[in-house]
Amino acid sequence: MRVVIVGAGMSGLVAAHELTAAGVDVAVVDKGRSVGGRLATRRIGDARLDHGAQFFTVRTPAFQRRVDDWMERGIVHVWNHGFDAATDAGSGDGHPRYVATAGMNSLAKDLAAGLDGTSCSIETSTMAFTVRPSNAPTDGSSGWDVVIDDASVRSGDAVILTSPLPQSLALLVDSGVEMDSTLMRTEYDRTIGLLVTLDGPSAIPETGGVNDGDDVFSFIGDNRAKGISAAEAVTFHANPEWSEAHWNDDDTLLELLGAEAQRWLGDASIIEAQVKKWRLATPRSIWPDPCWVSAGGRIVMAGDAFAGPKVEGAHNSGLAAAHALLD
Ligand SMILES: Cc1cc2nc3c(=O)[nH]c(=O)nc-3n(C[C@H](O)[C@H](O)[C@H](O)COP(=O)(O)OP(=O)(O)OC[C@H]3O[C@@H](n4cnc5c(N)ncnc54)[C@H](O)[C@@H]3O)c2cc1C
């Protein structure tokens, strides 16, 4: 069996691992310049900042096994057990918040490195344009073509789509695959992020993270407190309402967000600031199954819209997608 996977984020890479371990040939394509998708980390000078996912929790045995392995190899560490000393009574809520020591993108890089030398190829800067039934199946079986935007084709017996749902559905428009209309109505929240490097410590509480601290920011993360940055660096994520209202304010965004961030900076001044916009940040509704399988069983959709809008959900959806094909 040969499988083409669209997307080298958490779910696509986990699916690739599971399939290659079972002896399947896999071709992964991703439009990004490197792997990771929403597991995104950026360097600004000496600072390292996560600008997509900030941390993750573990609630399922399957993901716990992966995290145990990362812990053993020093790839992840526990940041804390809760951010809000007031609501967590200072002791946390019991759930460890994990972070990747070299930034969240290193999780994807580690998964990709684990596929080196296997029957899996990974192509980045490679954008899938459409998915269609193979024109010329050689052995009488019905295969599928993923057509790339340069008109080249990656063919397989099956395809796993792990892009955010609107993007996966767009790829299937000419496939003839029948879709559930509920899937087509899945909407996503947007997130606008502000990344700043500072000349001194911020006023963010000791835990290093703030959930819904004011009416602008849904999360604020101190990357130095997280243990991923040598220099003072803070990530601010505007909440969905603010992000939606200001999505087109490109000319003033940096200024607007910088002004809102001030109250969290104490005596520190901003050295450098950057804005990052996530149009398809978080699915608003989650499909009841951990992946979706077409009637013919050869097209699978996976990602965080299926097993939960988090790193763990994406991981477990990738596993489910692989097993939907293997089983
Ligand atoms: C701002 C933000 C903050 C977050 N914070 C947290 C957090 O603190 N904790 C947590 O657990 N989760 C968090 N998340 C969610 C978490 O990042 C995601 O659930 C998870 O990373 C999704 O993984 P995925 O593989 O499903 O999708 P993605 O990571 O989006 O991967 C999909 C991949 O598909 C590729 N792709 C799309 N279209 C095409 C195409 N046509 N051709 C080729 N490739 C294509 C993309 O480039 C991308 O790499 C956050 C997300 C955002 C955006």
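The values are calculated or read from the model by the stated rules, or taken from the named source; none is laboratory data. Please read all numbers here as calculations on a predicted model, not as lab measurements. Note that we place each Cβ from the backbone using ideal geometry, even for glycine, and neighbour counts take in every protein chain shown. Keep in mind that these areas ignore ligands, DNA and RNA; they rest on the heavy atoms of the full protein, side chains included. Shrake-Rupley method; radii C 1.70, N 1.55, O 1.52, S 1.80 Å.
Below is a table of values for the structure above.
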read-out	value
Filter result for ALA22 (in contact with a strand residue (DSSP E or B) (Cβ under 6 Å, 6 or more places away or on another chain), of a type in the set (Gly, Ala, Ser) and either within 13 Å of the ligand (Cβ to nearest atom) or on the phi < 0 side of the Ramachandran plot (or both))	no
Subset of the stretch 104-122 that is farther than 23 Å from ASP50 by Cα and of a type outside the set (A, V, I, L, M) - its residue that is surrounded by the most Cβ atoms within 10 Å (Cβ to Cβ)	CYS120
Subset of the stretch 123-138 (residues that are surrounded by 13 or more Cβ atoms within 10 Å (Cβ to Cβ) and either more than 30 Å from HIS51 (Cα to Cα) or modelled with pLDDT under 95 (or both))	VAL131, ARG132, PRO133, SER134, PRO137
Among residues of the stretch 235-289, those that are of a type in the set (Phe, Trp, Tyr) and part of a loop (DSSP other than H, G, I, E, B), counted	2
Residue match in the stretch 28-40 (condition: surrounded by 17 or more Cβ atoms within 10 Å (Cβ to Cβ), more than 28 Å from ILE192 (Cβ to Cβ), modelled with pLDDT of 95 or more and more than 10 Å from the ligand (Cβ to nearest atom))	no
Conditions (1) more than 19 Å from the chain's Cα centre (by Cα); (2) over 24 Å from PRO96 (Cα atoms); (3) open to solvent by 60 Å² or more (accessible area, probe 1.4 Å); (4) touching a residue at least 12 places away in the same chain (Cβ under 8 Å): number failed by GLU241	(4)
Selection from the stretch 214-230 of residues that are assigned to a loop (DSSP other than H, G, I, E, B) and closer than 15 Å to TRP242 by Cα	ASP214, ASP215, VAL216
Matching entry among LEU169, LEU183, LEU195, LEU165 (being of a type in the set (A, V, I, L, M) and touching a strand residue (DSSP E or B) at 6+ places or on another chain (Cβ under 6 Å))	LEU195
Matching residues in the stretch 173-193 - criterion: being away from the ligand (no atom under 11 Å from the Cβ) and among the aliphatic types (A, V, I, L, M)	VAL173, VAL177, MET179, LEU183, MET184
Of all residues in the stretch 158-208 being in contact with an Asp or Glu (Cβ under 9 Å, 6 or more places away or on another chain) and of a type in the set (D, E, K, R), the one that is surrounded by the fewest Cβ atoms within 10 Å (Cβ to Cβ)	ASP199
Number of the exception - LYS276 against (1) out of contact with any Lys or Arg (no Cβ under 9 Å at 6 or more places or on another chain); (2) open to solvent by 20 Å² or more (accessible area, probe 1.4 Å); (3) not aliphatic (A, V, I, L, M)	(1)
Selection status of HIS77, surrounded by fewer than 16 Cβ atoms within 10 Å (Cβ to Cβ), part of a strand (DSSP E or B) and either outside the structural domain of GLY156 (by TED's automatic domain parsing) or within 16 Å of the ligand (Cβ to nearest atom) (or both)	yes
Within the stretch 59-74, considering residues that are open to solvent by 20 Å² or more (accessible area, probe 1.4 Å) and among the aliphatic types (A, V, I, L, M), the one nearest to the ligand (Cβ to nearest atom)	ALA62
